[in-house]
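> Next up is a structure, given as C-alpha cells.
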2 protein chains.
Amino acid sequence: MDGAIVDVETVDLRFPTSRALDGSDAVNEAPDYSAAYVVLRTDGGLEGHGFTFTIGRGNELAVAAAEVIGRRARGWPVAELVADPGGFARHLQADSQLRWLGPAKGTIQLGLAAVVNAAWDLIGKAVGAPVWKVLADMSPRQLVDLVDWRYLRDTLTPEAALEMLEKQVPGREEREARLRAEGYPAYTTSAGWLGYDDDKLVRLCREAVATGWDAVKLKVGGDLADDVRRCALAREVLGPGRRLMIDANQNLGAADAVRWAEALAPSDIWWFEEPTSPDDVLAHAAIARAIAPIRVATGEHAHNAVMFKQFLAAGAMGVCQLDAARPGGVDEAVAVLLLAAAHDVPVCPHAGGVGLCELVQHLSMFDYVAVSGSREDRMIEYVDHLHEHFADPVRLRGPSYLPPTRPGYSAEILAESRAAYAFPGGSVWTG
Amino acid sequence: MDGAIVDVETVDLRFPTSRALDGSDAVNEAPDYSAAYVVLRTDGGLEGHGFTFTIGRGNELAVAAAEVIGRRARGWPVAELVADPGGFARHLQADSQLRWLGPAKGTIQLGLAAVVNAAWDLIGKAVGAPVWKVLADMSPRQLVDLVDWRYLRDTLTPEAALEMLEKQVPGREEREARLRAEGYPAYTTSAGWLGYDDDKLVRLCREAVATGWDAVKLKVGGDLADDVRRCALAREVLGPGRRLMIDANQNLGAADAVRWAEALAPSDIWWFEEPTSPDDVLAHAAIARAIAPIRVATGEHAHNAVMFKQFLAAGAMGVCQLDAARPGGVDEAVAVLLLAAAHDVPVCPHAGGVGLCELVQHLSMFDYVAVSGSREDRMIEYVDHLHEHFADPVRLRGPSYLPPTRPGYSAEILAESRAAYAFPGGSVWTG
C-alpha cells in the first residue's frame with residue numbers, strides 16, 4: 001500500500017477488425033476495435049492498467065483526453081486511492097476548465113473512464129483481489145461513497161441506496177458461493193453482424209445452439225425486409241425455447257423503430273436494442289410503451305449516470321446496457337447499478353469490442369452479490385473477439401462467465417500485443 | 001464560386017481571462033476564454049473562418065477534433081457547399097468510426113461546430129452577404145434541407161417546418177427593414193460574475209442602467225445567503241421596470257434549485273438559467289413546474305438538436321439558450337430555431353466567451369426575419385469582452401445589436417491577435 005502514482009503512460013492500440021467486417025452493424029459499418037490504453041505506475045512497483053474503447057479513427061483523441069485527465073492522477077497516494085476511490089474519481093473530474101468539453105460526456109468522459117478503470121485495476125492489485133470481489137466486500141457505506149450524488153437525489157437518495165445495499169448484506173456469502181460454482185449467464189452477439197450473409201448467419205446460429213447458447217442477438221436496422229428474413233432464419237434455428245434479441249444501433253427514428261418491432265415481433269423478440277438516438281429518453285419511452293412486451297434495451301452509449309437516471313425514471317429502458325468505459329468508469333458504474341436496482345431493471349452490460357467483456361463481468365458479478373442480488377433476466381454480452389490479447393482473459397463454461405480470480409480488473413493487454421497493435425507504429429499497421 | 005477547399009488550418013487560441021476573474025461563476029471558477037479556430041482555404045483565394053469556444057485547458061482536444069473533422073472538408077467544391085450546406089455538414093459527420101466518440105456530443109461535436117461555422121463564413125463570403133442575410137434569403141425548402149431530420153420527426157416533421165417557414169415569407173421584407181432600423185434587443189451579463197464583490201456588483205449594475213440596459217443577469221449557485229443579498233442589491237439598483245435573470249451554471253440538484261428560486265423570487269427573477277445538470281431534461285421539467293412563473297432557461301450546454309427537442313417537448317425550457325458552437329454549427333442551429341418556434345419558446349442565445357456574441361447575432365436576426373418572426377421576450381446575451389480581436393466585431397446601439405453588414409459569419413479574429421494569443425507559443429503566453 002506504500003507509494004503513489006508517479007507515472008501515467010498512454011497508448012493508442014488499434015485492432016484491424018474492419019478487414020473481416022467483424023462488428024459491422026447499421027451504423028458502425030467497419031470498425032477497427034481500439035483501446036485508449038492507460039498504465040498507472042507507482043513508485044512501489046505496482047501497475048494499474050485500464051482503457052476506454054473506440055472503433056478506430058479518433059482513438060487518438062481519446063488517448064489525448066486520457067493523458068490530460070491522467071496528469072491529475074500523478075502524485076496520488078495508493079493508500080488514499082484504496083481508502084477513497086470515489087474521492088480520486090471526483091478529483092480527476094474537478095478541473096473546471098476541462099469540464100467545459102463535456103460536461104461528463106464524449107471524449108473527455110472516455111478519457112476519464114480509461115484512467116478510473118486503470119485506478120481500479122491498481123486497487124485490485126494493491127489489495128490482492130479481483131475488482132468484483134473488492135466491490136462485493138465493501139460495506140454499504142463505502143459503496144455509497146463511491147457515487148457523486150449531486151444530480152441523482154431526485155430519483156435515489158444516498159440513504160435509500162444504503163438501505164437497499166444493507167438488505168443484501170446477509171445474502172452476499174451465499175450468492176458469492178453460487179457465483180463461484182455456477183458462473184454468470186451470457187449471451188452471444190457473434191452470430192449476427194450485419195455484414196454476414198444468410199448462410200453465415202444460419203451456420204453461426206447453429207454453432208451457437210450446438211455450443212449451448214440459449215440467447216442470441218442479431219443486428220438489424222438497415223433494410224426491413226432483410227431483417228424480417230434474417231430474424232425468421234435465426235428463430236428457426238434457435239427453436240422456441242431460446243431468446244432472440246435485436247439491435248438497431250440507433251439507426252431508426254421513433255416511428256420506424258415501432259414499425260420494425262411490429263414487423264419482427266413474429267420472430268419472438270425479447271429485447272429491441274438501441275432503436276434510436278441514444279440521447280433520446282422521451283423517444284425511447286414512447287417506443288417502450290408502443291412495443292411492449294418487447295423490452296427496449298439501451299445504455300451502451302449513455303454517457304453518465306444522469307442519463308441512466310432519466311431512462312430508468314421514464315420507463316424508457318427495460319434492460320440497462322451499462323458500458324464499462326463510456327460513463328466515467330467503475331465508480332459511475334456503481335451509481336448506475338444502484339439506480340437500476342432501485343427501479344428493478346435488469347442490467348445486461350454492453351460488451352464485445354476489445355476488452356469490454358473482461359471489464360463488465362466484474363460489474364455484473366458485483367451486482368449479483370451485493371446490489372440487485374439477482375441473476376434473473378440478466379446476462380452479460382459475449383463476443384468471441386480479441387480475448388487472446390489479455391493477460392487475464394474471460395473464461396466461459398458453456399453459456400456462463402466464470403468469476404475472475406486474479407487481482408485487478410482483467411484489463412491488462414499483453415505487452416507483446418501492445419507493441420504489435422500500437423497505432424500507427426506497431427507491426428500490424430506497418431507490416 | 002470557383003474552386004474547392006484545399007487547406008484546413010487549425011489554431012489553439014487562448015485569452016488569459018482568468019487573471020481578472022472575468023467570467024467566473026459557480027462552476028467555471030477561472031476560465032481562460034479560448035477558441036479552437038479553423039481557417040478553410042480555397043484555391044480561389046477565399047477563406048472561411050470559424051471556431052468553437054472552450055474555457056482553457058483541453059482546448060487542444062477541441063483543436064485536434066476540428067483537425068480530424070476538417071480533413072473531411074478537403075476537396076469539397078465551393079459551389080457545392082453554397083448549393084447544399086446541409087449536405088456538407090452531414091458529410092463531415094458521416095465517418096462511422098469518429099461517430100463513436102460522441103455520437104454528436106462532447107469534443108467531436110465541438111470540432112464539428114468549428115468546421116461548420118468556418119464553412120458558413122465561407123458561404124457568406126462566396127455570396128457576398130452576412131450569414132444572417134444568407135439564411136434569411138433562403139427559401140423555406142432550402143432551409144428545411146439544412147436539417148438532419150432523422151431523430152426529430154416525432155416532434156416536428158419537415159412538412160410542418162416548411163409550412164411554418166412559408167407563413168413567415170410575406171413578412172420577411174418588413175422585418176428585415178425593422179431590424180436594420182432598430183437592431184435586436186440585448187441583455188448584459190458583465191455586471192454579475194460570481195468573483196466580483198458587492199461594491200463592484202452595485203457599481204456595474206449602476207453603470208448598466210446608465211448605459212441603457214434594461215435586462216441584467218447575475219451568477220448565483222454558490223452560497224444562498226450571498227445570492228439573496230446580491231440579487232436584492234441588483235434589484236434595488238435596477239428598479240422595478242428592468243428584468244433580472246439568474247444563472248446557477250448547473251451547480252445545483254433539483255431540490256436545491258427550487259429552494260434557490262423560492263428564496264430569490266422576492267427580487268423578481270425573470271428566468272433561472274442552468275439550475276442543474278444540462279443533460280437532465282426531466283429535472284428541468286420538474287423545476288419548471290415548481291418555480292413558474294419564473295422561467296427555466298437552458299441550452300448553452302445542450303449538445304445537439306435531440307436534446308433541444310426533448311427539453312422543448314417536456315416543457316423543461318421556457319427560454320432556449322442556443323449556443324453557436326456546441327451543437328454542430330449553423331445547420332443544427334437552424335434545426336433548433338425551428339423546434340423552438342414550433343413550441344413557441346423564445347430563443348435567447350448563449351453568448352459571451354470569445355466571439356460567441358459575434359456568431360449568435362446572426363442566428364437571432366435570421367430567426368426574427370424568417371423563423372419565429374418575433375423579437376418579443378427575445379434578447380441576445382451581451383458580454384463586453386474581447387470584441388477588439390475581431391475583424392467584424394459586434395456593433396451595439398444602446399441595448400441593441402445592429403445587424404452585421406460584412407460578408408461572412410463575423411468569426412474572423414485579427415491576424416495579429418491570432419499570433420499573439422496562440423497557445424502556448426504566442427507572445428501573451430511566453431511574455
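The values are calculated or read from the model by the stated rules, or taken from the named source; none is laboratory data. Here the structure is a predicted model, which means the values were calculated and not measured. Glycine also receives a Cβ, built like all others from the backbone with ideal geometry; neighbour counts cover every protein chain displayed. Accessible surface areas use protein heavy atoms only, side chains included; no ligands, DNA or RNA. Shrake-Rupley method; radii C 1.70, N 1.55, O 1.52, S 1.80 Å.
> Report, for A:PRO16, each distance to the same residue's label point in the other copies, shortest first and in nm; define the point 7 Å along Cα→Cβ.
Inter-copy label distances (nm, one decimal, shortest first): 4.8.
> Which value results when the Cα radius of gyration for chain A is divided by 2.2 N^0.38 Å?
0.93
> Percent of Cα-Cα pairs per 10 Å bin, from 0 to the last occupied bin, for region A:186-299, please list those.
Binned Cα distances yield the sequence 15, 50, 29, 5, 0.
> Hey, another quick one. Over 16 Å, how big is the tail of the calculated P(r) for region A:296-338, in percent of all Cα pairs? Provide the component values of the computation, followed by the final result.
Numbers: 191 of 903 pairs.
That fraction is 21 percent.
> Something else: Classify region B:284-373 as rounded, prolate or oblate, taking a ≥ b ≥ c as the square roots of the eigenvalues of its Cα gyration tensor: rounded when a/c is under 1.5, otherwise prolate if a/b is larger than b/c and oblate if not.
Prolate.
> Sticking with this structure for a sec: Using a 1.4 angstrom probe on the protein heavy atoms only, could you order A:LYS200, B:LYS219 from most to least accessible area?
Values: A:LYS200 65, B:LYS219 10 Å².
Heavy-atom accessible area, descending, gives A:LYS200, B:LYS219.
> Still on this structure, I have one more. Leaving out ligands and nucleic acids, note down the accessible area per residue over region A:98-146 with a 1.4 angstrom probe, in whole Å².
For region A:98-146, the per-residue accessible area is 19 Å².
> For A:GLU262, go 7 angstrom from Cα along the Cα-to-Cβ vector, then report the distances to that same point in the other copies in nm, smallest first.
4.6
> When a/c reaches 1.5 or more, the comparison of a/b and b/c decides; with that in mind, is region B:168-410 rounded, prolate or oblate per its Cα gyration tensor? Display every interim value, and only then the final one.
On the way: a/c = 1.75, a/b = 1.21, b/c = 1.44.
Verdict is oblate for region B:168-410.
> Please report which chain A residue places its beta carbon nearest the axis carrying chain A onto chain B, with the distance rounded to a whole angstrom.
Of all Cβ atoms in A, the one closest to the rotation axis yields A:GLY106, 1.
> For Cα pairs less than 8 Å apart in space and 6+ apart in sequence, what is the mean separation divided by the residue count of chain A, i.e. the relative contact order in percent?
Relative contact order of chain A: 19 percent.
> Something else now. At 7 Å along Cα-to-Cβ for each site, give me the label-to-label distance between B:ALA263 and A:SER427 in nm.
Placing both labels 7 Å along Cα→Cβ, they lie 6.5 nm apart.
> Right, something else. By a straight-distance test (C-alpha under 30 Å), which lysines pair with A:LYS217 as possible cross-link partners, with residues fewer than eight away in the same chain excluded?
Excluding near neighbours in sequence, the set is A:LYS105, A:LYS133, A:LYS200, A:LYS309, B:LYS105.
> Keeping the other protein chains in place, figure out the carbon and sulfur percent of the accessible area of chain B, with a 1.4 Å probe. Show your work: numbers first, answer last.
Values: 6830 of 13630 Å².
Looking at chain B in its full context, I get 50 percent from C and S.
> Would you mind listing the distances between the B:ASP384 label point and the same position in each other copy? Use 7 Å along Cα-to-C-beta, nm, one decimal, shortest first.
So the label point of B:ASP384 gives 7.1 nm to the other copies.
> Ordering B:SER139, B:SER34 by accessible area with a probe of 1.4 Å, largest first, what comes out?
The most accessible residue leads, giving B:SER139, B:SER34.
> Work from the charge dipole of the protein assembly as shown (Cβ charges, +1 for Lys and Arg, -1 for Asp and Glu, about the Cα centre) and give the residue of A:PRO275, B:LEU396, A:LEU98 farthest towards its positive end.
A:PRO275
> Additional query: Using just the C-alpha positions of region B:1-66 as equal point scatterers, what log10 of I(q)/I(0) does the Debye formula give at each q in 0.14, 0.18 1/Å?
-0.50, -0.67
> Quick one: how many Å² of A:VAL319 are accessible to a 1.4 Å probe, rounded to 10?
0 Å²
> Let me ask something additional. Hey, what did region B:297-403 get for relative contact order, percent, Cα under 8 Å, at least 6 apart? Don't skip to the end; give the middle numbers.
Numbers: 168 pairs, mean separation 24.7, N = 107.
For region B:297-403, the relative contact order is 23 percent.
> In a Debye calculation with equal point scatterers on the alpha-carbon sites of the protein assembly as shown and no solvent, what is log10 I(q)/I(0) at q = 0.06, 0.07 Å⁻¹?
With one equal scatterer per Cα and no solvent, log10 I(q)/I(0) is -0.38, -0.52.
> Now for a separate question. Mind checking which of A:GLY56, A:LEU156, A:GLY355 is farthest towards the positive end of chain A's charge dipole, using Cβ charges of +1 (Lys, Arg) and -1 (Asp, Glu) about the Cα centre?
Ranked along the dipole, the leading option is A:LEU156.
> Here's a follow-up. Rg and Dmax of region A:1-151, using alpha carbons, in Å: what are they?
16.3, 49
> Can you tell me the orientation of helix B:356-366 relative to chain B, as the angle in degrees between its alpha-carbon axis and the longest Cα principal axis, to the nearest 10?
Computed tilt is about 80 degrees.
> To the nearest 20 debye, what charge dipole does the protein assembly as shown have about its Cα centre, counting +1 at the Cβ of each Lys and Arg and -1 at the Cβ of each Asp and Glu?
It comes to approximately 480 debye.
> While we're looking at this one, here's another question. Let me spell out the model: positive unit charges on the Cβ of Lys and Arg, negative unit charges on the Cβ of Asp and Glu, origin at the Cα centre of region B:168-410. What dipole size does that give, in debye rounded to 20?
Dipole of region B:168-410, to the nearest 20 debye: 480 debye.
> Could you state the angle between the C-alpha long axis of helix A:281-291 and the longest principal axis of the C-alpha atoms of chain A, as a value from 0 to 90 degrees rounded to the nearest 10?
It is inclined by approximately 30 degrees.
> Another question, then. Describe numerically, in nm with one decimal, the distance between label points set 7 Å from Cα along Cα→Cβ at A:ARG90 and at A:GLU236.
5.8 nm
> Something else about it: Hey, what did region A:137-230 get for relative contact order, percent, Cα under 8 Å, at least 6 apart?
Details: 48 pairs, mean separation 21.5, N = 94.
Value for region A:137-230: 23 percent.
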